[in-house]
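Reviewing the structure listed below.
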Amino acid sequence: MKISRFKKSHKTLVYFANNFDYREPYQVLIDATFCQAALQHKIGIEEQIRKYFQCNVKLLTTQCIILEAEALGAPLTGATTIVKQFHVHKCGHEGKPVAAAECIKSMTKDNRYIVASQDRLLQGSLRKIPGRCLLYLHKATPVLEAPSAASKKMVQKRAKNLMLGKQVDKIEYMKEKQGLKATEAPVKRNTTKGPKNPNPLSCKKSKKQKQIPQLHGVQETNIVKAKRKRVKISAHVKAEQLKA
Ligand SMILES: [Zn+2]
């Protein structure tokens with residue numbers, strides 16, 4: 001096997017180990033379609049897979065997979081013989097078998113299996129679920145598929161959340177730090193600048209009140225009245241002043 005091919009598969013395995021808890025010995029769940037392809041290309045599954053991974057692997061299948069292969073009869077006789085050689089893992093469908101693809105999907109829900117299958121439909125549905133690892137035969141060569149878009153998306157999301165979590169922690173830390181300074185600073189502002197603050201605000205409001213009435217005729221008359229009242233008051237004062 002070429003070194004570059006090993007590097008590629010090794011990189012994929014490391015990715016699944018790091019992000020989805022796949023552990024050695026890697027468990028390879030094999031179905032009849034994979035066995036059929038191996039038979040067609042005259043390769044020994046166990047030998048090729050061990051060579052390909054160059055690490056400890058466990059090859060296994062389920063009762064549902066065997067039963068489906070048997071039910072398909074003559075075209076799959078060779079494949080059925082091969083698939084029966086692997087260790088049979090309990091799948092929870094004992095006594096009431098389901099389709100091989102359904103069985104594999106349910107098996108991969110809680111366990112880390114590398115699914116060895118040529119079933120395009122099964123591959124398609126497994127790719128949609130993050131953390132599913134696929135192995136298939138490209139002619140006579142095993143290929144460990146690179147992580148699916150769904151897997152990558154989840155890993156990126158996790159990394160982002162982790163970063164955000166760290167950022168939130170940092171912000172909280174900074175807030176705490178600044179909070180100590182911030183509590184001291186406003187107290188000083190309130191005591192020193194407190195009385196000065198209301199004046200500019202009230203001045204602005206009064207300016208606005210004067211500016212707006214100039215645009216409206218109705219309110220303009222009010223101002224005129226107000227001015228006249230002031231004039232009257234001044235007249236009283238004048239009268240009083242005159243009396244005095
Ligand atoms: Zn099953």
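The values are calculated or read from the model by the stated rules, or taken from the named source; none is laboratory data. All values derive from a computational prediction rather than experimental measurement. Note that each Cβ is placed from the backbone with ideal geometry, even for glycine, and that neighbours are counted across all protein chains shown. With ligands, DNA and RNA removed, areas are computed over all heavy atoms of the protein, side chains included. Shrake-Rupley method; radii C 1.70, N 1.55, O 1.52, S 1.80 Å.
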What does the accessible area of MET163 come to, in Å² to the nearest 10, when a probe of 1.4 Å is used?
110 Å²
Anything over 27 Å Cα to Cα? Flag those among LYS58/LYS166; LYS51/LYS84; LYS2/LYS105; LYS2/LYS90; LYS105/LYS152, in the order listed.
LYS58/LYS166; LYS2/LYS105; LYS2/LYS90
Ignoring everything but the protein chains, give the 1.4 Å probe accessible area of ARG23 in square angstrom, nearest 10.
140 Å²
For CYS133, other-chain or 5+-apart residues with amide H closer than 5 Å (H placed, Pro excluded) are VAL115
Surface accessible to a 1.4 Å probe, GLU47 within the full protein complex, Å²
120 Å²
Out of residues 5 or more away from VAL88 or on other chains, whose amide H comes under 5 Å of its own, with H placed 1.01 Å from N in the peptide plane?
THR61
Note, segment 39-55: 3J(HN,Hα) by Karplus (6.51, -1.76, 1.60, θ = phi - 60°), whole Hz, Gly/Pro = x, goes 5, 4, 9, 6, 10, x, 4, 4, 4, 5, 5, 4, 5, 5, 7, 6, 7
Probe 1.4 Å, all protein chains present, accessible-area order of ILE49, ILE82, largest first
ILE82, ILE49
How would TYR26, TYR15 line up by accessible area, probe 1.4 Å, largest first?
TYR15, TYR26
Any idea what the relative contact order of segment 34-153 is, in percent, if you count C-alpha pairs under 8 Å spaced at least 6 apart?
25 percent
In whole Hz, the Karplus estimates of ³J(HN,Hα) for segment 124-137 (6.51, -1.76, 1.60; θ = phi - 60°; x where Gly or Pro) are x, 6, 6, 5, 6, 9, x, x, 8, 10, 10, 10, 9, 9
Residues ILE129 and GLN54, FRET efficiency given R0 of 41 Å [Cβ-Cβ distance, rounded to 0.05]:
0.90
Determine ³J(HN,Hα), in whole Hz, for all residues of segment 13-20 in sequence, where each value follows from phi through the Karplus function 6.51 cos²θ - 1.76 cosθ + 1.60 and θ = phi - 60°; x replaces Gly and Pro.
4, 4, 4, 5, 5, 6, 9, 10
Near ALA32, within a Cβ-to-Cβ distance under 13 Å, what is the net charge of the other residues, with Lys and Arg +1 and Asp and Glu -1?
-3
For LYS58, what residues show an amide H to amide H distance below 5 Å, using hydrogens built from the backbone and excluding near sequence neighbours?
TYR26, GLN27, VAL28
Assuming a ≥ b ≥ c are the square roots of the Cα gyration tensor eigenvalues, decide whether segment 3-147 counts as rounded (a/c under 1.5), prolate (otherwise, with a/b larger than b/c) or oblate.
oblate
Give me the net charge for the shell around LYS11: Cβ to Cβ below 15 angstrom, other residues only, Lys and Arg +1, Asp and Glu -1.
+4
With a 1.4 Å probe and all protein chains kept in place, how do VAL28, VAL14, VAL168 rank by accessible area, largest first?
VAL168, VAL14, VAL28
Within-14-Å neighbourhood charge of LYS166 [Cβ basis; K, R +1; D, E -1]:
+1
